[in-house]
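What follows is a single structure, written as structure tokens, with notes after it.
Just so you know, all these numbers are worked out from the coordinates, no wet-lab data involved. Only a predicted model underlies this, so the values are computations on that prediction, with no experimental measurement involved. In this analysis, Cβ positions are derived from the backbone assuming ideal geometry, glycine residues included, and neighbour counts consider all displayed protein chains.
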Amino acid sequence: MDINAKKVVGEKAVEFVKDGMIVGLGTGSTVYWTILKLGELVKNGLSIRGVATSLSTEELAIKMGIPLVTLEEVDEIDLTIDGADEVNANLELIKGGGGALLREKIVSANSRKNIIIADHTKYVSVLGDFPLPIEVVPFGWKLVYKQILKLGCRPSLRMDNNLPFLTDNGNYILDCQFKKIKEPKELAIYINMIPGVVDNGLFVGMTDIVLLGFDDGGIETL
Ligand code: 5RP
């Protein structure tokens, strides 16, 4: 896949941003292009405030001169732009490939509008080929692993340089290969009922618009 598909859709998303908005800034290599473009617009006079969904996004936004606020300083976010690892025709998503699913979900849940941007390869008929990231607290994680195993997937502890990958919240991630997730809402509820699970990467009923980018510069709206 050509980098153009991510760039084209990432830059397109800024058209939804209006002066004065509080904007949720997602995480990943697609939203990277949105943040770069927003930085340019801010330099040219656009007045927005961003809410970052990860430390890496916070760093990039600061570098691009986008003023940031915390969730404690706002009542609501006007619009959030974020990426996805998989998206289906019902606008249900798997997210968390970059490990930022918890903050992304909190920001999304507190946004009046959510736009997802992704290259066309992320579109699937059934979610589940991409391993579902589940954020778990380190305490007792192996027992949580065994509980998740019973749900019919193959979890693996995400690693980083031979150590467990740590999220921005100090938690672990279990990447769970389900293959086919026929009922995402039900699965998300079951997973989150396991003590030790912080949240999972299924985003159901949260997305308003999906923009899919193609390598030839085309964009499809779902
Ligand atoms: C990070 C995410 C990202 O939005 C997702 O992984 C997509 O990333 P990219 O735009 O780099 O393909 O959920 O936790």
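Viscosity 1.002 mPa s, temperature 20 °C: Stokes-Einstein D of region 1-96 from its Kirkwood Cα radius, in µm² per second?
Rounded to a whole number, D works out at 157 µm²/s.
Considering only C-alpha atoms, what is the centroid distance from region 166-214 to region 40-72, in Å?
26 Å
Starting from the exponent 0.38 and prefactor 2.2 Å, build the expected Rg for region 88-180 from its residue count and divide its actual Cα Rg by it.
1.15
Provide the packing ranking of 6-12, 100-106, i.e. peptides ordered by the mean count of other C-beta atoms within 10 Å per residue, highest first.
Answer by packing, highest mean first, reads 100-106, 6-12.
Starting from the amide H of G50, placed 1.01 Å from N in the peptide plane, find each other amide H under 5 Å away whose residue is 5 or more places distant or on another chain.
V23, L68, V69
Would you list D215, D199, D75, D82 from fewest to most Cβ contacts within 10 Å?
D75, D215, D199, D82
Exceeding 32 Å between C-alpha atoms, which entries from my cross-link table qualify? They are K122/K150; K146/K185; K37/K142.
Cα-Cα > 32 Å for K37/K142; rest within.
In vacuum, with every alpha carbon of region 156-222 counted as one equal point scatterer, what does the Debye formula give for log10 I(q)/I(0) at q = 0.18, 0.20, 0.21, 0.28 Å⁻¹? Two decimals, please.
The Cα Debye sum returns log10 ratios of -0.91, -0.98, -1.00, -1.20.
Cβ neighbours within 10 Å, averaged per peptide: list 189-198, 202-211 in order, most packed at the top.
202-211, 189-198
Can you pull a Stokes-Einstein diffusion coefficient for the chain at 20 °C (1.002 mPa s), Rh from Kirkwood over Cα pairs, as a whole number of µm²/s?
This corresponds to a translational diffusion coefficient of 121 µm²/s.
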